[in-house]
Amino acid sequence: MKRIKKATAIIIALSLLLCCGFTALADGAVLRSSNAPFRVSCTVNGDPSSERGFTWYTANDCPSQLSILNSDGTPAQAKIEYKDVFEWEGNYCHQAKVSSLNSGTEYYYIIGENGAAGIFSTDDGDDRLEFVVVADVQASSAENFEKGADTVNAALAMLPSSEFIVNLGDFTNDSTNEEWDLFDGAFSEINTSTTLIPITGNHDGFGCEYWFKNMFCLDESESVQVRNGVNYSFDYGNCHFAVINTNDMLSITLAQLKWLKNDLNSSDKDWKIVCAHKSPYTLGKDGKWPDAMYLQKSLTKVCDECGVDLVISGHDHQYLRTKPLKGNKVDESGTVYTLCGTAGSKRYEVRSFLADSFTKTEFINTLIIQKDGYGNYWNGTDWNETDEKNIGGCFNTVSVDGGNLTFSSYILSDELTDEHGDRLITKTDSFTLTKETGKNTPTFDGDNTTSAAAYTAGLLPSFGAFAAYTFGEWLPTFLFILPKIIKVYIEEDTF
């Protein structure tokens with residue numbers, strides 16, 4: 001169930017396309033029909049061993065057409081359920097759920113009359129798994145989207161057997177048609193060469209309602225709401241993944257915390273991994289606000305209770321890894337929290353006034369920060385120790401082999417090159433978690449959906465819990481460090 005090399009995928013995809021009615025012009029361009037698909041994505045939707053979700057857009061209103069093919073080009077015995085086509089911001093959105101796929105199998109797909117082609121592989125169910133993690137491309141120009149794509153391509157070249165890409169959110173800066181088209185222009189080849197695991201970022205949900213759910217076909221059956229994001233989960237190999245939406249009432253509602261606890265307790269998988277956009281532990285610019293810091297009180301409690309091994313997050317555009325934590329204390333039996341940097345070119349330097357206030361430095365194992373155009377490696381005492389190799393886009397790889405999980409982080413240099421003239425890639429962090437497998441026992445087996453009425457009824461208690469934290473814990477700390485904030489702002493021009 002290995003991810004095939006990109007060159008092979010392109011050759012086969014082009015061959016399939018030519019068989020499906022594309023007209024090649026003399027200059028190598030392709031004449032597409034007026035209903036040509038764009039913004040194509042293949043996502044996990046349900047059981048990764050047998051199901052996938054597909055989204056694509058067309059400029060005109062036309063029927064949805066999706067073909068699933070075996071590796072030899074013959075039609076696959078798959079069930080396709082199309083959703084109704086609907087107009088969205090001047091274009092037409094198509095979505096489909098594919099099921100009855102065979103596990104551990106490589107498939108091709110063709111979308112549209114003369115459409116786009118792609119490839120994906122289903123989970124074979126064994127306890128070996130490799131995948132790529134990136135965060136916060138958050139671009140608004142073609143140039144910066146291309147830089148983000150370069151980072152992701154470097155990750156896939158580093159881990160060619162990657163079975164999917166986890167994207168931790170903020171795909172664009174303003175979630176407009178123009179930006180999603182630029183994203184598609186830079187990432188279309190990537191997005192059609194593997195399966196995506198998308199996580200909602202604040203730039204994907206605030207002020208741009210329903211964009212995220214309309215860009216990715218996901219399992220919404222247990223999502224507490226879908227207006228500003230989607231929460232969902234799935235098993236892959238011997239791992240359970242829970243994806244949360246940290247736009248839910250600015251941070252997370254009690255309804256979603258209840259869903260997360262039930263979801264994690266329903267799994268017997270060896271590894272429990274939570275994917276989020278906002279990070280509960282950070283020294284970046286967003287670490288001074290209550291929405292992210294509330295997660296340090298609410299999310300971490302659920303992780304402690306449910307035995308979560310790893311939390312991967314984005315939002316603050318720097319790389320930070322904690323020591324294992326439990327009850328907001330260092331504990332070897334606890335959860336490792338990783339803030340996964342940025343694949344893009346917008347990078348945040350450390351806010352030194354946050355050290356030992358909202359995030360204790362004793363919690364931090366590794367911190368890669370960027371300041372005034374330089375990448376800084378924090379050595380535990382000096383915030384300004386610079387290392388030019390750390391200037392660039394960040395990507396991360398995860399390899400699971402039974403009871404071993406290895407997470408590695410890399411920087412693709414903006415400017416430096418290696419001895420072959422290629423852009424320099426530097427491994428900046430790596431760690432391995434080890435555990436005895438076969439020990440997790442499910443303790444929840446029930447209905448984990450949230451009705452609209454129950455969600456609405458829970459908003460006031462959720463707001464109360466968030467407000468109690470904000471005024472009872474966050475505000476006193478913020479006011480206490482305010483003189484330091486002002487001093488740092490005057491001296492370093494950072495806030």
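Throughout, read-outs are computed from the coordinates displayed, never taken from laboratory work. Remember, predicted model here, so these are calculated numbers, not experimental data. Ideal geometry is used to build each Cβ from the backbone, glycine not excepted, and the neighbour counts take in all protein chains shown.
The share of C-alpha pairs in the stretch 383-464 whose separation exceeds 19 Å stands at 67 percent.
Per-peptide packing, taken as the mean over residues of other Cβ atoms within 10 Å, places 96-103, 71-78 in the sequence 96-103, 71-78 from highest down. Here each label is just a point 7 Å from Cα along the line to Cβ, and for residue 475 and residue 220 those points are 3.7 nm apart.
Taking the number of Cβ atoms within 10 Å of each Cβ as an exposure proxy, the fewest-first ranking of 239, 62 is 62, 239.
Computed from the Cβ-Cβ distance with R0 of 25 Å, the FRET efficiency linking residue 449 to residue 301 stands at 0.65. Among the listed options (1) 98, 66, 43; (2) 63, 51, 47; (3) 67, 57, 46, the one matching Cα extents along the principal axes in Å as calculated from these coordinates is (3).
A Cα-only calculation for the stretch 84-187 places Rg and Dmax at 16.0, 44 Å. The ranking of 217, 340 from fewest to most other beta carbons within 10 Å of each one's beta carbon is 217, 340.
Put simply, when 380-393, 478-491 are sorted by average Cβ atoms within 10 angstrom per residue, most first, you get 380-393, 478-491. Sequence-distant contacts, meaning Cα pairs under 8 Å at least 6 residues apart, place the relative contact order of the chain at 13 percent. Dipole of the chain computed with +1 at Lys/Arg Cβ and -1 at Asp/Glu Cβ about the Cα centre; of 175, 290, 44, farthest Cα towards the positive end is 290.
Going from the fewest other Cβ atoms within 10 Å to the most, the residues 315, 420 appear in the order 420, 315. For the pair residue 206 and residue 420, a Förster radius of 45 Å applied to the C-beta separation gives a FRET efficiency near 0.55, rounded to the nearest 0.05. Counting Lys and Arg as +1 and Asp and Glu as -1 over every other residue whose Cβ lies under 10 Å from the Cβ of residue 100, the net charge comes to 0. Fully extending the segment from residue 437 to residue 59, taken as 0.36 nm per residue of separation minus the present Cα-Cα distance, adds 131.1 nm. Distance from the Cα centroid of the stretch 345-388 to that of the stretch 36-67 is 41 Å (rounded to whole angstrom).
Across the stretch 94-181, the relative contact order, built from alpha-carbon pairs under 8 Å that are at least six residues apart, equals 28 percent.
Cross-link check: pairs 278/439; 329/389; 288/326 evaluated at a Cα-Cα cut-off of 25 Å; pairs beyond the cut-off: 278/439; 329/389.
Listed by number, the DSSP H helices of the chain that run 18 Å or longer by alpha-carbon position along their axis and have mean Kyte hydropathy of at least 1.0 are 6-19, 452-469, 475-492. With the simple model of a label 7 Å out from the Cα in the direction of the Cβ, residue 382 to residue 494 spans 1.6 nm.
Phi angles of the stretch 269-282 translate, via the Karplus equation with coefficients 6.51, -1.76, 1.60 and θ = phi - 60°, into HN-Hα couplings of 5, 5, 10, 10, 10, 9, 10, 9, 7, 7, 9, x, 10, 6 Hz per residue; Gly and Pro are given as x. The relative contact order of the stretch 326-440 comes to 18 percent, based on Cα pairs under 8 Å that sit 6 or more residues apart.
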